[in-house]
Each structure stands twice: as C-alpha cells, then as structure tokens.
Amino acid sequence: MSFSKMRFLSASTASAAGLLLFLLFFSPKPTAAQEFNCTVSLNYSTLTGSDFGFLEDLEVRMEEYVNDRSWTEDGFREDERIECTVEVIVLEALSLTSFDARLVVATRRPIYNTMQHSTVVRFSDESWQFRYAQGQPLVFNLEQYDPLTSVIDFYVYMMLGYDYDTFGELGGTPHFETARRIAERAQSASGQGWSELASTEPGRGNLITQMLDPRMRPLRKAYFDYHFAGLDRFLVNPDAARNAILQVLSDLDVLYEDVSRQHALDLFFLAKYNELAAVFEGWQESNQAYDYLTLLDPSHTSVYEALLE
C-alpha cells in the first residue's frame, strides 16, 4: 500500500528496524490514484418471472463506483490499490425494482517479500434490501441515506479501516469513524440491517460500534502486529514471526476474557484460521498455539488439529 500510510505508524509500537523495513517495503513517492482494485459479481439466477437482466448493469456500475472514486486523500500507485471482492447474491425480488440480497465482501493485503496475499477481513451480510431500476446512476452522498449506495459506502470505509489498521496501530480510525457516521444516518432513517441489537448475525451498526469500542483496541492492535511483526517478517525470521503471532493470540485471549464472543473478534479468525494453522504447523510451540486457537476459535478446531500431529 501507500507510503502515505507511514503517518499512521505509532513510534511506540515500531522499532527502528521495523521502521526501516517499512521504508524499504513502500515507495516514498506515491501518485494520486483510486484506492481499490475491486471485482464485483452479481448473481440473480434464483429470480424467475420478469426479466431481471438489467441487474447485470448494476454489477458494472458497482465496480465502477468502488474503483473509480478517490475515497481518501492519500496517494496510491496503481500496484498499491487494495484488492477486494464483492459478491452480491440476489435472493428475492420484492418488486420489479426492489430486492433482497446477500452481500459478501472480502479484502486482502500483500505479504512483504512474497508474491502471496493475506485475507484481512471477510464480511457476510445477510440482510441487504435495496432498490435499483434499469439505468439508475449510483450517486455518492454521505449526507443522505440510500439503501443501495449507503451499504456500499459503509463496507468501503470498513475495508479501508481494516486495511489501514494492518499498516499502523489504530491507523484505520478515521475510516471507521466515517463508517459509523454512515451507520448512524441509516439508523435515523430506520434502514434495514443497521440495528445495534445483539443477534447471531449483528447488524452493520453493531459491527462498527464494536470496532470503535475502546475495549476492542487489543483486537485492532492485533491486526497490525499480526501483519507487520508477523507475516511481513516471516521469510526473514520465521521463529520471531511465529512468536509475534503467538503473542497476538495471547493478547486476544486476554481480550476474550473481557468481551467474550464478539462478532468483530470472530471476523479475525474467519479470515485467518487456515493461515494460522499453516503458520504454526510443525513449530515447537504449536501445542501452545493450538490451545489458544481452539479456545478463541472453536468453530475451526478441526483445522487446528493438524498442529498436534
């Protein structure tokens, strides 16, 4: 990503060596560019009856909406754009122009000195209802709630918040704050899917409230430590990287005792469980990693069993 993100790096959390690594990793001369390289797919195969082929136009418009806009004031080179995918599964046509859909959004970032990427976050939104008519433009306006563009805007700023958090401790705060303002405006308009009430699949308002809760700062710090002190240094010093990630799990264990099952905490492991199993496999401390992982992420215990072999 961009060298301009350097200003988010906390001096108290990065050593001189880490700072040098960061400088080597990122070019100091970013040029203005959009932030995202996002692929959008829209599936409406479950719909029958009327001709809904115009929804293919929405797929194109959404991709352009995310990729062709500058969402921040930071400079991004073309090769620094954030890789993301947006999948829309239209479940039901409530009318000729109103739809019930599932939305799956995922973003990833590069791992230093490799050709590999790491999934940062993956959202699955089961409660999206929107209106779209053929030829309808997508208009960006953070001051007005719209069931279609406000949801897109919300997840764009959530992706930015998570991405920036991996490059600087709490670096994503401004973007999370924007996401919160979008959620508050949607709640004021009684928008569907924005509730902060506890549920199995928390609303968007619930998620952003969790991410900006001061108690959740260890989770946000974990995103930085996991990537910057862990994955980005893995090729240089695998044992040090594993120890850094093990410390991340220890910190999350303390957080878990305080907040228990929070959706934001679950999202960390939803994105990382396969990667975590691969990182610790065959390591001398893999048993300790297994203990943390099965406590914090019991739903993926079968994957972590490989650490005991």
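The values are calculated or read from the model by the stated rules, or taken from the named source; none is laboratory data. Just so it is clear, the model here is predicted, and its values are computed rather than measured. We place every Cβ from the backbone using ideal geometry, glycine too, and count neighbours over all the protein chains shown.
Residues of the range 251-262 that are assigned to a helix (DSSP H, G or I) and either free of Cβ contacts under 8 Å to residues at least 12 places away in the same chain or more than 20 Å from Val303 (Cβ to Cβ) (or both): Asp251, Val254, Leu255, Glu257, Asp258, Val259. The one condition from (1) aromatic (Phe, Trp, Tyr); (2) crowded, with 18+ Cβ neighbours inside 10 Å; (3) over 18 Å from the mean Cα position of the chain (by Cα) that Trp283 does not meet is (2). Filtered by the rule that a residue be crowded, with 20+ Cβ neighbours inside 10 Å and either modelled with pLDDT under 95 or in contact with a Pro (Cβ under 8 Å, 6 or more places away or on another chain) (or both), the range 83-108 gives no residues. Contact map, the range 116-145: first residue on the phi > 0 side of the Ramachandran plot, second residue outside any strand (DSSP E or B), Cβ cut-off under 9 Å, separation 6 or more or different chains; pairs are Gly135/Phe54; Gly135/Asp57. Going residue by residue through the range 247-254, is there one that turns out to be surrounded by 15 or more Cβ atoms within 10 Å (Cβ to Cβ) and among the small types (Gly, Ala, Ser)? Among the residues of the range 247-254, not one is surrounded by 15 or more Cβ atoms within 10 Å (Cβ to Cβ) and among the small types (Gly, Ala, Ser), which makes the answer no.
Which one is farthest from Arg109 (Cα to Cα) among residues in the range 148-164 that are hydrophobic (A, V, I, L, M, F, W, C) and over 11 Å from the mean Cα position of the chain (by Cα)?
Per the stated criteria, the residue is Leu148.
Considering the range 176-191, the residues that are surrounded by fewer than 21 Cβ atoms within 10 Å (Cβ to Cβ) and touching a residue at least 40 places away in the same chain (Cβ under 8 Å) include one that is nearest to Asn141 (Cα to Cα), namely Arg185. Of everything in the range 231-245 that is over 13 Å from Glu285 (Cα atoms) and assigned to a helix (DSSP H, G or I), the residue that is farthest from the chain's Cα centre (by Cα) is Arg233.
Can you tell me how many residues in the range 41-62 are touching a residue at least 60 places away in the same chain (Cβ under 8 Å) and hydrophobic (A, V, I, L, M, F, W, C)? Don't jump to the end; show me each part of the working.
If we filter the range 41-62 for residues that are touching a residue at least 60 places away in the same chain (Cβ under 8 Å), which is where we start, we get 54-55, 57-58, 61-62.
With hydrophobic (A, V, I, L, M, F, W, C) added as a condition, the list becomes 54-55, 58, 62.
Residues that pass the stated criteria total 4.
Looking across the range 78-100, the residues that are of a type in the set (D, E, K, R), part of a strand (DSSP E or B) and within 17 Å of Tyr155 (Cβ to Cβ) come down to Glu83, Glu87.
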